[in-house]
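Engineer: Handing you this structure, nothing more for now.
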Amino acid sequence: MLLRHTTDKIQERKALVVNPAKTCQPIGAMYAALGIHRCLPHSHGSQGCCSYHRSTLTRHYREPIMAATSSFTEGSSVFGGQANLLESISNIFTVYDPDIIAVHTTCLSETIGDDIAQIIAKAQADGKIPEGKSVIHANTPSYVGSHVTGFANMVKNMVMYFSKSSDLKREQINIIPGWVEPADMREMKRLTTAMGIKTVLFPDTSDVLDAPQTGRHQFYPKGGVTIPQLQTSGDSKATISLGEFTSLPAAKALDAKCKVPFHSLDIPIGLTATDRFIQTLHDVTGAAVPDEITDERGKMVDIITDMQQYFYGKRVALAGDPDQLIPLTEFLVTLGMQPVYIVTGTPGKRFEERMSEILTDAVPDAKCKQAGDMFLLHQWIKQESVDLLIGNTYGKYIARDEDIPFIRFGFPILDRVGHSYLPNVGYAGGIRLLEKLLNAILDRQDSMSLEESFELVM
Amino acid sequence: MPTNRRLTPEEIKQNLLAAYPVKVARKRAKHIVINDPTPETMPEIGANVRTIPGIITQRGCTYAGCKGVVLGPTRDIVNITHGPIGCGFYSWLTRRNQTRPTSDDDDNYMTYCFSTDMSEENIVFGGEKRLKQAIQEAYDIFKPKAIGIFSTCPVGLIGDDVHAVAKEMKEKLGINIFGFSCEGYKGVSQSAGHHIANNQLFKHVIGTDDTPSDGKYRINLLGEYNIGGDSFEIERILSKCGIDLVATFSGNSNYDAFANSHMADLNVIMCHRSINYVAEMMETKYGIPWIKANFIGAKSTAKSLRKIAQYFEDQELIERVEQVIAEEMQEVDRVQGAAKARCMDKTAMLFVGGSRAHHYQDLFAEIGMKTVCAGYEFGHRDDYEGRRVLQSIKVDADSRSIEEIHVTQDPDKHNPRKTPEELESLQAKGVSFKDYQGLMIDMDENTLIIDDISHYEMEKLLDTYKPAVLCGGIKEKYAVQKMGIPCKQLHNYDYSGPYAGFKGAINFYTDIDQMVNTRIWKLITAPWQAHPELIATFAKEA
């Protein structure tokens, strides 16, 4: 057994996390910053942080993840990291020539209390930031929240640094997509384009972290939201904010700063969450929903009506991030499945509130935990097993030990491809999810059925 | 137009430095040397000094070297990361250390990640209470035989005394508990973490179990981490030769083997950088000599086996080793010949680790490939220039804070395995003790040696040399491949391996052959991009 020490006997733990379902803030900030065009993320701390974040993001995307570090030594930890950051800024602009450096902090620089805004101001005053270039930052202490929080903080500070309001409102809306894949951001843009809606989507990692093989390493790939686009976000008619944990802080900041009203929705994963997304786009802009999109919806519903018998009553365990798990769980309920165990490592009572709204009637016995870990999820599964496990790659150890079909979903996915290229959001993404769910369920039925009842047509 | 190949090494070096600010160029110049393999005239290389902030580096931190590299591969110690969640998460199963529990009941915690997941409250008020609680919970749930505690950056800053907590909990619970002050900001790279790990293993584990071990030829293997099953292959070969492995530091290892490792009669070092400290300390305290070996490359494997056999001065073993080598080399020669035919005269660049950039050159040479540039991520001068320069290495402020344990002969357990005369006679026969000659002596004159290479330098060098393959790590992998050049990861072997020993050599030949000769590299350009004039003509006609 791979996880041979896990038993069904649950003992209360107050201090020990075992097999986390979260990681730390800075990696989220690094991912978000990669969604700005010609941006070099910068990790202000020990070089190990930057190395770990780059490695994890690289394994997940199989793409170059370029980021720099302040390379703290013991001396900088005692005397503060100002000199390291100033030197970094100057070296980065000279050697790597980005348009923008997005600095995030680490537990080290947060604990010693480096004031990044002040250091950036000093860099500016010292002439270390070339004309037309920018340095922004987000505070991302690793001991608060999770990677999700770090993403949210960096996105919020894109607003704080760049969004401007003039008297002129633009015929455009902002979409803050939340922590989703490049393919998901691309899909959101395809949907709004199909509706004829002009958008500023930020951050946008499409064409950054799914760059083509061309025989040339483009240090700054063509994708990413541009600074001029970000600046105009203050003049947009509205903001659609997807995911309360990852996007809402930025949407609220934009409202406070530039009076751009926001609509807080779930990430459009599954049928009803996508319905709300499209309906809101229609309501906010008055744009008609083209037949193309209505037809896509119809196709998705068609698959569900055709195959509903296979979903019905299947018990599912899930681990992941709140903003994904909420609409995904809702989708499973739509399908008639039983999401019985749900764990996120990210702290936040709001997660359990939303889950209870979704599950109270459909799955009254469901167990749900924020600030939980995958050890607990495994113990629940040991107590009473499930038909399907959905989670990031670490779930495969549980899936193998317990012999449960497994669908990779979330971050990080270290052992398969596809997640960065094919969407999970929208109706097209929904069709992909349905295919994955059905393949997992039907493959299992094929492998487990008696020879006499082995089905050709299913 | 003159091609880049005609540039002299000095010109290439100057090109690498040209884009840097003056101060950076001055510092980096010391880390880029043009090789002269003659010891007397070998240039000095700048190494094991701090990385310049903002210059994108391959390096990681002390925690990674301690928890990730050295202690990571041991299966039955519960390793608790004391800090916010990230460090524990990132070092969870990501190094491909394989392990083989001896039975279903044998402990294996390597698939687990344990963390105190410190919150803001712990940073403000201290985390010792939480750490104690976490240790108690780990004990209550798992009942392990030992617990290690690994400090992350904020732990050192807020002043948590992990060693005091370890001592207290050790007394309370009656199992071995020990801490590592491996905060990420210490030292200049992973290397400091290796040293800290060595120290604590030596202080708290090695030599705590005096049970005499079986076997006639008892060795420890040091600095072999069982990436992709390397240790399994070495174990297979040693066992075939009749050589007994008491402990491996630390591939496929367990706590009890560490505790008993001072009962071995020879320490055989693979990765000099990460583990030489333990070898040195064991020699002083217990009288166990150490030799440098290398099981990467078929020839090197054979050479290392012969060296071990010679050490024991036993004809039976010497003959057995020769027999094993002859047997194993048959298949090696067959595959090597086939790969060589397709890889001959291609070039490689290696920028990785603290020994791999050296060892893997042997494997490339075996299939006719030449290494044109190489360098370590976290090596020291002795790993480049050889241990002969040890005395002349200046210890700077960043390294001075890493503890040097003062070791003396153990009055009861010191037992010189060889007399000074025996050692001298072996030395005369070519078994060199306490010696590592480094990478530069084995590389050609005028090759470029680059320490702690920056991303900028690496891309520039790829443009200049256009090698058939670059060996690096995960952070380099896809940037290199985007340039149309295959990148072989030598930390994780691209999820292949083993690469050690005879079977490992065969795997490596096959993998490199496949990698440099696969058709896809020739298909990167779309047909219409390859012949744009045809499209233009067509458009004009239309």
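Engineer: Can we say residue A:70 is closer than 23 Å to residue B:83 by Cβ, touching a Phe, Trp or Tyr at 6+ places or on another chain (Cβ under 6 Å), within 9 Å of chain B (Cβ to nearest Cβ) and open to solvent by less than 10 Å² (accessible area, probe 1.4 Å)?
Structural biologist: Taking the combined requirement at face value, the residue does not satisfy it.
Engineer: Here is a follow-up. Sort out which residues of the range B:59-99 are charged (D, E, K, R) and open to solvent by less than 10 Å² (accessible area, probe 1.4 Å), and write them in order of number.
Structural biologist: B:59, B:75, B:76
Engineer: Hey, another quick one. Checking the condition surrounded by fewer than 24 Cβ atoms within 10 Å (Cβ to Cβ) and in the same structural domain as residue A:117 (by TED's automatic domain parsing), which residue from A:86, A:34, A:40 passes?
Structural biologist: The match here is A:86.
Engineer: For the condition among the charged types (D, E, K, R) and touching a residue at least 60 places away in the same chain (Cβ under 8 Å), what is the one hit in A:186, A:216?
Structural biologist: Testing whether each residue is among the charged types (D, E, K, R) and touching a residue at least 60 places away in the same chain (Cβ under 8 Å) leaves just A:186.
Engineer: Can you name every residue in the range B:108-133 that is more than 7 Å from chain A (Cβ to nearest Cβ) and either aliphatic (A, V, I, L, M) or touching a residue at least 40 places away in the same chain (Cβ under 8 Å) (or both)?
Structural biologist: B:110, B:124, B:127, B:131
Engineer: Within 19 Å of the chain's Cα centre (by Cα) and either crowded, with 22+ Cβ neighbours inside 10 Å or closer than 27 Å to residue B:22 by Cβ (or both): does that describe residue A:153?
Structural biologist: It is true that residue A:153 is within 19 Å of the chain's Cα centre (by Cα) and either crowded, with 22+ Cβ neighbours inside 10 Å or closer than 27 Å to residue B:22 by Cβ (or both).
Engineer: Let me ask another. Based on this model, can you work out whether residue A:257 counts as within 14 Å of chain B (Cβ to nearest Cβ), open to solvent by 50 Å² or more (accessible area, probe 1.4 Å), closer than 27 Å to residue A:156 by Cβ and not in a strand (DSSP E or B)?
Structural biologist: no
Engineer: When the residues of the range B:488-528 are filtered to those that are assigned to a loop (DSSP other than H, G, I, E, B) and touching a Phe, Trp or Tyr at 6+ places or on another chain (Cβ under 7 Å), which remaining residue is most open to solvent (accessible area, probe 1.4 Å)?
Structural biologist: The extreme case among them is B:498.
Engineer: Please verify whether residue A:54 is on the phi > 0 side of the Ramachandran plot and either at the interface with chain B (Cβ under 7 Å from one of its Cβ atoms) or open to solvent by less than 10 Å² (accessible area, probe 1.4 Å) (or both), treating the condition exactly as stated.
Structural biologist: Answer is no for this residue.
Engineer: Give the residue, chosen from A:247, A:233, A:241, that is more than 14 Å from chain B (Cβ to nearest Cβ), farther than 23 Å from residue A:424 by Cα, surrounded by 19 or more Cβ atoms within 10 Å (Cβ to Cβ) and not hydrophobic (A, V, I, L, M, F, W, C).
Structural biologist: That would be A:233, the only listed residue that is more than 14 Å from chain B (Cβ to nearest Cβ), farther than 23 Å from residue A:424 by Cα, surrounded by 19 or more Cβ atoms within 10 Å (Cβ to Cβ) and not hydrophobic (A, V, I, L, M, F, W, C).
Engineer: Another one. Say we look at the range B:456-475 and pick out the residues that are more than 17 Å from the chain's Cα centre (by Cα) and among the charged types (D, E, K, R); which of these is surrounded by the fewest Cβ atoms within 10 Å (Cβ to Cβ)?
Structural biologist: Per the stated criteria, the residue is B:463.
Engineer: A follow-up question, please. Just a yes or no: is a residue in the range B:330-345 closer than 23 Å to residue B:37 by Cβ and surrounded by 23 or more Cβ atoms within 10 Å (Cβ to Cβ)?
Structural biologist: no
Engineer: Given the criteria outside any helix (DSSP H, G or I) and loosely packed, with under 13 Cβ neighbours inside 10 Å, does residue A:423 qualify?
Structural biologist: Answer is no for this residue.
Engineer: While we're looking at this one, here's another question. Report those strands (runs of 3 or more DSSP E) wholly inside the range B:217-296 carrying at least 3 residues which are open to solvent by less than 10 Å² (accessible area, probe 1.4 Å) and at pLDDT 95 or above.
Structural biologist: Strands (runs of 3 or more DSSP E) meeting the threshold: B:218-224, B:244-250, B:266-269.
Engineer: Can you confirm whether residue A:88 is at the interface with another protein chain (Cβ under 7 Å from one of its Cβ atoms) and either closer than 26 Å to residue A:411 by Cα or not in a helix (DSSP H, G or I) (or both)?
Structural biologist: In short, no.
Engineer: Further question on the same structure: Test each condition in (1) of a type in the set (Ser, Thr, Tyr); (2) touching a residue at least 40 places away in the same chain (Cβ under 8 Å); (3) facing another protein chain (nearest Cβ under 7 Å) for residue A:43 and report the one that comes out false.
Structural biologist: Here residue A:43 meets the rest and fails (3).
Engineer: Residue B:81: of a type outside the set (Phe, Trp, Tyr) and more than 9 Å from chain A (Cβ to nearest Cβ), yes or no?
Structural biologist: yes
Engineer: If you check residue B:164 against the conditions, is it more than 8 Å from chain A (Cβ to nearest Cβ) and either without any contact (Cβ under 8 Å) to a residue 24 or more places away in the chain or not in a strand (DSSP E or B) (or both)?
Structural biologist: Yes; evaluated as a whole, the condition is true for this residue.
Engineer: So is residue A:110 open to solvent by 10 Å² or more (accessible area, probe 1.4 Å), assigned by TED's automatic domain parsing to the domain that holds residue A:53, assigned to a helix (DSSP H, G or I) and among the acidic types (Asp, Glu) or not?
Structural biologist: yes
Conditions (1) over 20 Å from residue A:84 (Cα atoms); (2) assigned to a helix (DSSP H, G or I); (3) without any contact (Cβ under 8 Å) to a residue 40 or more places away in the chain; (4) touching a Lys or Arg at 6+ places or on another chain (Cβ under 9 Å), marked per residue:
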residue	(1), (2), (3), (4)
B:14	yes, yes, yes, no
B:27	no, yes, yes, no
B:66	yes, yes, no, no
B:81	yes, no, no, yes
B:89	yes, yes, yes, yes
B:92	yes, no, yes, no
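Engineer: How many residues, within the range B:115-136, are open to solvent by less than 10 Å² (accessible area, probe 1.4 Å) and either out of contact with any helix residue (DSSP H, G or I) (no Cβ under 6 Å at 6 or more places or on another chain) or among the acidic types (Asp, Glu) (or both)?
Structural biologist: 3
The values are calculated or read from the model by the stated rules, or taken from the named source; none is laboratory data. Since this is a predicted model, take the numbers as computed values, not measurements. All Cβ positions, glycine included, derive from the backbone under ideal geometry; neighbour counts span all protein chains shown. The accessibility values were calculated without ligands, DNA or RNA, using every heavy atom of the protein model including side chains. Shrake-Rupley method; radii C 1.70, N 1.55, O 1.52, S 1.80 Å.
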